[in-house]
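Q: Below is one structure. I have some questions about it.
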Amino acid sequence: MEENVKKGVQYMLIASFLFALMGITAKELSDHLSTIEIVFFRNVFGVFIILFSIYKSPLNQIGGKFWLLIFRGTIGFAALLFFFYNIANIPLGEAMTFSKTSTIFTALLAYFFLKEHIGFKGWIGVFIGFIGILFIAEFDGSTLKKTDYLGILSGVGAALAYTSIRELRKFYDGRAIVLSFMAVGTIFPLIFMIISEFYSNPNLDFMLGKFIMPNPNEWIIIILLGLFSTYAQIYMTKAYASAKAGIVGTVSYSNIIFSIFLGLLMGDAFPSFIVLFGIILIILSGLMVSKK
């Protein structure tokens, strides 16, 4: 048992580091490519991998929840879109922390829709989490920046996706669930990039952007983006298969530390005291909620 826990921790540390590297490659590409194009390349890589897997070993499922499958794909795509937009526009550690608020929102959604118990410690964790969000956003009582509310929506979207997976896994092969996300995340960006050829709106820059042919160096980074993303998912899955979710989920917050460190190497400013305090509160909140 201890050996499995050790493996689970190791797998999650690798996955967390790979997710941070994914963020770095996405941030590097954002200097020249739009968010919607980066999301397209992030997903199209995975589509071919999943289809090859299905070809080698056909799906084993009963189906029956098609529209929920489409919902999972759509909301997952939206969460990824908001997340990648933030990666391009704010320090990587902050963008990662916003995405990690999904733990808080997942607990709330599971409580209201799946009737899962939270408990006193869990509710305290939720409260601390929302305080942490205010600190990260440096909310002064006036208005939130675009990156703030998109960051929050990335957490909510991811939570909705995770909650829907709990129901979908009863009916679908895991690869079909992942494919729904990656297929939507490939088709929608294509549509948005076509629309962008005829229409532009600065307020919708997180979802609109013309296709720009990557240069040779960017193609290399795009391949790395796909590899980091795919192997991060693989190691994360191995981690949850090796040890209890509470232990693995706790280790997953190392993602934020890796992201802050790699972001600093990329030129991000070190988080202010207020933002750093908010990050600590979000991590504490996630730990409390995951062990409710």
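Q: Among the helices of the chain (complete DSSP H runs), which have Cα atoms covering no less than 15 Å along the helix axis and a Kyte-Doolittle mean of at least 0.0?
A: Helix filter hits for the chain: 2-29, 35-56, 66-89, 102-113, 119-136, 146-168, 174-196, 216-242, 254-265, 273-290.
Q: For segment 1-136, what are the per-bin percents of Cα-Cα distances with bins 10 Å wide, up to the bin holding the maximum?
A: All Cα pairs considered, the percentages come to 9, 26, 36, 25, 4.
Q: Can I ask one more? Among the listed pairs Lys27/Lys65; Lys27/Lys100; Lys145/Lys210, give every one whose C-alpha distance is greater than 26 Å.
A: Beyond 26 Å: Lys27/Lys65.
Q: How charged is the neighbourhood of Ser53? Take every other residue with its Cβ under 11 Å from the Cβ of Ser53, and add Lys/Arg as +1 and Asp/Glu as -1.
A: Counting the neighbours of Ser53, the net charge comes to +1.
Q: Using helices alone, I'd like the mean residue ellipticity at 222 nm for the chain: each DSSP H run of four-plus residues gives -39500 (n - 2.57), total over residue count, nearest 500.
A: -26000 deg cm²/dmol
Q: Taking every eigenvalue of the Cα gyration tensor of segment 75-184, multiplying by 5 and rooting it, what semi-axes result, largest first, whole Å?
A: 25, 20, 9
Q: With each pseudo-label sitting 7 Å past Cα toward Cβ, what's the Ile220-Ile54 distance in nm, one decimal?
A: Output for this residue pair reads 3.4 nm.
Q: For the chain, what does the relative contact order come out to in percent, with C-alpha contacts under 8 Å and a separation of six or more?
A: The normalised contact order for the chain reaches 44 percent.
Q: Sticking with this one: What net charge do the residues around Ile136 carry, taking every other residue with its C-beta under 9 Å from that of Ile136, with Lys and Arg at +1 and Asp and Glu at -1?
A: -3
Q: Related question: Any chance you could tell me what percent of the C-alpha pair distances in segment 196-292 go past 20 Å?
A: For segment 196-292, the fraction of Cα-Cα distances above 20 Å is 64 percent.
Q: What is the ratio of the Cα radius of gyration of segment 230-281 to 2.2 N^0.38 Å, with N the residue count, to two decimals?
A: Scaled against compact globular proteins, the figure is 1.41.
Q: Let me ask something else about it. When N counts the residues of the chain, how does its alpha-carbon radius of gyration compare numerically with 2.2 N^0.38 Å, as a ratio?
A: 0.98
Bear in mind that the values in this text are calculations on the coordinates, not laboratory data. This is a predicted model, so every value here is computed, not measured. Positions of Cβ are generated from backbone atoms using ideal geometry, with glycine treated the same way; all protein chains shown enter the neighbour counts.
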